[in-house]
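Student: Following this message is one structure expressed as structure tokens.
The values are calculated or read from the model by the stated rules, or taken from the named source; none is laboratory data. Keep in mind that this is a model prediction, so the values were computed, not measured. Please note: Cβ atoms are built from the backbone with ideal geometry, for glycine as well, and neighbour counts cover all protein chains shown.
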Amino acid sequence: MSTKSPECFTTNPQARCLRVEISATKSVLLPFDQFAFAELASEDKEQKLRLVFATHEILISGHALRRIEVAMQVMELSFVMALPAKYQPLIAENQPKIREIVVTENKPGDSQTKAALN
């Protein structure tokens, strides 16, 4: 029996892309050279980390997400996944807990459409 607590992210200094596990059967790889920016916001007891790439936007909801943001800043974040609810109590309070990940594909005309609406 493993005593290691489950993790919802991994880092690797050799990583060239971020692997986002959307579900047990679907994932997406996003190259770091297409990374545009990140934004971390706190809402009540939950945090939201937004990662924007040229082709996709990733919205991560959870707790203690600062370490994940820093790993992305130094381009060492290699993997993220939402932690199933049954495993969340096993994570220490100060460790990142990803509750949900939403991946949105950027369509070619989206930025022009958004700009026209503003």
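Student: Among the numbered criteria (1) farther than 17 Å from Glu100 by Cα; (2) among the polar types (S, T, N, Q); (3) crowded, with 17+ Cβ neighbours inside 10 Å, which single criterion is violated by Ser61?
Tutor: (1)
Student: Tell me, please, whether a residue that is at pLDDT below 90, surrounded by 12 or more Cβ atoms within 10 Å (Cβ to Cβ) and not in a strand (DSSP E or B) can be found in the range 6-17. If you could, list the steps in order and put the result at the bottom.
Tutor: Step one: of the range 6-17, the residues at pLDDT below 90 are 6-7.
Pick out the ones that are also surrounded by 12 or more Cβ atoms within 10 Å (Cβ to Cβ) and you get 6-7.
Now narrow it down to the ones that are not in a strand (DSSP E or B): 6-7.
Yes, there is a match, as at least one residue in the range 6-17 is at pLDDT below 90, surrounded by 12 or more Cβ atoms within 10 Å (Cβ to Cβ) and not in a strand (DSSP E or B).
Student: How many residues does the range 8-38 contain that are of a type in the set (Asp, Glu) and touching a residue at least 12 places away in the same chain (Cβ under 8 Å)?
Tutor: 1
Student: What about Glu43, is it loosely packed, with under 14 Cβ neighbours inside 10 Å and under 18 Å from Val102 (Cβ atoms)?
Tutor: yes
Quick grid of which residues meet (1) at pLDDT 95 or above; (2) loosely packed, with under 10 Cβ neighbours inside 10 Å:
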{"position": "Glu69", "(1), (2)": "yes, no"}
{"position": "Glu76", "(1), (2)": "yes, no"}
{"position": "Gln88", "(1), (2)": "no, no"}
{"position": "Gln95", "(1), (2)": "no, no"}
{"position": "Asn106", "(1), (2)": "no, no"}
{"position": "Leu117", "(1), (2)": "no, yes"}
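Student: Taking Phe9 as the residue in question, decide whether it is closer than 17 Å to Asn106 by Cβ and of a type in the set (Phe, Trp, Tyr).
Tutor: Spelling it out, it is not the case that Phe9 is closer than 17 Å to Asn106 by Cβ and of a type in the set (Phe, Trp, Tyr).
Student: Could you tell me whether any residue of the range 23-37 is at pLDDT 95 or above, under 11 Å from the mean Cα position of the chain (by Cα) and closer than 24 Å to Ala85 by Cα?
Tutor: no
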